[in-house]
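The values are calculated or read from the model by the stated rules, or taken from the named source; none is laboratory data. These numbers come from a predicted model, not from an experiment. To get the accessible areas, we keep the full protein, side chains included, count just its heavy atoms, and leave off ligands, DNA and RNA. Shrake-Rupley method; radii C 1.70, N 1.55, O 1.52, S 1.80 Å.
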Amino acid sequence: MARDPLVTTQWLADHLSDPRVKVLDASFKMPGILPLPKDDYLASHIPGAVYFDVDAVSDHSNPLPHMFPSAEQFGRDVGGLGISNGDTVVLYDSGGWVAAPRAWWMFLSFGCENVNILNGGLKKWTAEGRPVESANVTPKPATFKAAFDEKRVRTMQQM
């Protein structure tokens, strides 16, 4: 039986101080929509959350936007966000897009099995009156060894 990838806001609140639980704001907006998701993050995010920029963690040699990077780049970028292979990752977004599930799939594709999505995202978190903070969180870099699982991705030719 597959593990439920969703965690509740109560679960996250109970585990927010656990140093092995890493929270990432994976919010995304279509180009031209303002304010930018990074600016939204800087204004208000779950305490300790680091911003996961899907455009930064992508294959910059590909002209298409936010294509999967190499395993080496993913490991380097995610390690730079303070995530190691033994951590529990909780992804959320600010709503309106499927950004957190997309990042969840990306983490799974690169070998992070203990990755979750915050059920209800930032909207539910704030609606419940839970704390938020502003400004950038600078994580302590970690080592993440990524291994790409090609079974989780399909090419245009395969479809």
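Summary of values
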read-out: Region 1-34 versus region 36-99: alpha-carbon centroid distance in Å; value: 11
read-out: Accessible-area composition of region 109-159, carbon plus sulfur, in percent [1.4 Å probe]; value: 52
read-out: Extension gain from R102 to D39, taking 0.36 nm per residue of separation minus the Cα-Cα distance; value: 20.7 nm
read-out: Label of the coordinate-derived value, Cα extents along the principal axes in Å, listed as [x] 47, 38, 32; [y] 51, 40, 33; [z] 46, 32, 21; value: [x]
read-out: Area accessible to solvent at M67, 1.4 Å probe radius, in Å²; value: 70
read-out: Global form of region 65-117, assessed from the alpha-carbon gyration tensor, a/c cut-off 1.5; value: oblate
read-out: Contour minus Cα-Cα distance for V54 and L6 (0.36 nm per residue); value: 15.3 nm
read-out: Contact order relative to length of the chain, as percent, for alpha carbon pairs under 8 angstrom and 6 or more apart; value: 32
read-out: Reachable lysines, given that their alpha-carbon falls under 19 Å from the alpha-carbon of K29 and they are not under 8 places away in the same chain; value: K38, K123, K124
read-out: Cα-based shape type of region 119-159, given that a ≥ b ≥ c are square roots of the gyration tensor eigenvalues and the cut on a/c is 1.5; value: oblate
read-out: Surface share of carbon and sulfur [accessible, 1.4 angstrom probe, percent] for region 37-88; value: 55
read-out: Per residue value of the accessible surface for the chain (all protein chains in place, 1.4 Å probe), Å²; value: 56
